[in-house]
Amino acid sequence: MTSGDKDPNNPDLQTFNPLFPKGAYFSENGLIGPANFIDVNPSVVFHFLKNLTVTANWDFFWRESTRDGIYNNAVVLVRSGKSSSARYVGSEPQVQCEWNVQRHVSLVAIYAHFLAGPFLRESGPGDDVDYFTTWVTYKF
């Protein structure tokens, strides 16, 4: 939970500033930054084999202050809160598979689907977003 601005007409900004946030704060797609948020993220990890792990989680996002908007990872306002009083921003189920092929090589694949909530639909384009990424890691 991070604070949001209580009065947009007051020059004192009360929105939490993490100063040096990581790029992908809530998930690898990095759609939402860590300011003016309430985030609940239940997750479960399955170890199918000793070298294969599957993690499933579902992020739920609300605005902490309905008088403030939502921000990107650099704490730049991307959607003002002036045109919607809705608190719920949306949710994002995500699945991550990690396969340790051998001691030095691992493969990761992630799929996420962001479901736009009432705040996004009421304050401008409120489309869902699909995200997929994969990478290979070599450790020496």
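Under the √(5λ) rule applied to the eigenvalues of the Cα gyration tensor, what semi-axes describe the equivalent ellipsoid of region 87-140? Give them in Å, descending. Before the final figure, lay out each step's value.
On the way: eigenvalues 243, 15, 11 Å².
After diagonalising the Cα gyration tensor, the semi-axes are 35, 9, 7 Å.
Counting only heavy atoms of the protein chains, get the accessible area per residue of region 57-140 (1.4 Å probe) and round it to a whole Å² value.
56
By how many nm would the segment from residue 41 to residue 102 lengthen if fully extended, with 0.36 nm per residue of separation less the alpha-carbon distance? Don't skip to the end; give the middle numbers.
Details: separation 61, 0.36 × 61 = 21.96 nm, distance 3.06 nm.
Separation in residues times 0.36 nm, less the Cα-Cα distance, equals 18.9 nm.
Normalised by the empirical 2.2 N^0.38 Å for globular proteins, what value does the Cα Rg of region 45-140 take?
Taking N as the residue count of region 45-140, the ratio is 1.42.
Provide the per-residue ³J(HN,Hα) series for region 69-74, in order, calculated from phi with Karplus coefficients 6.51, -1.76, 1.60 and θ = phi - 60°, each as a whole number of Hz, with x at glycine and proline positions.
Here the 3J(HN,Hα) series is x, 10, 10, 8, 5, 8 Hz.
Put +1 on the Cβ of every Lys and Arg and -1 on every Asp and Glu Cβ in region 70-140; which of 113, 81, 99 then has its Cα farthest towards the positive end of the dipole?
Highest projection toward the positive end goes to 81.
Using a 1.4 Å probe over the heavy atoms of the protein chains, calculate the carbon and sulfur portion of the accessible area of region 19-109 as a whole percent.
Answer for region 19-109: carbon and sulfur cover 60 percent of the accessible area.
Net charge around residue 118, counting only other residues with Cβ within less than 12 Å of its Cβ (Lys, Arg = +1; Asp, Glu = -1)?
With Lys, Arg at +1 and Asp, Glu at -1, the net is +2.
The values are calculated or read from the model by the stated rules, or taken from the named source; none is laboratory data. All of these numbers come straight from a predicted model, not from anything done at the bench. Because the Cβ atoms are built from the backbone with ideal geometry, glycine has one as well, and the counts that use them run over all protein chains shown. Each accessible area value is taken on the protein alone, full model and side chains, heavy atoms only, with ligands, DNA and RNA left out. Shrake-Rupley method; radii C 1.70, N 1.55, O 1.52, S 1.80 Å.
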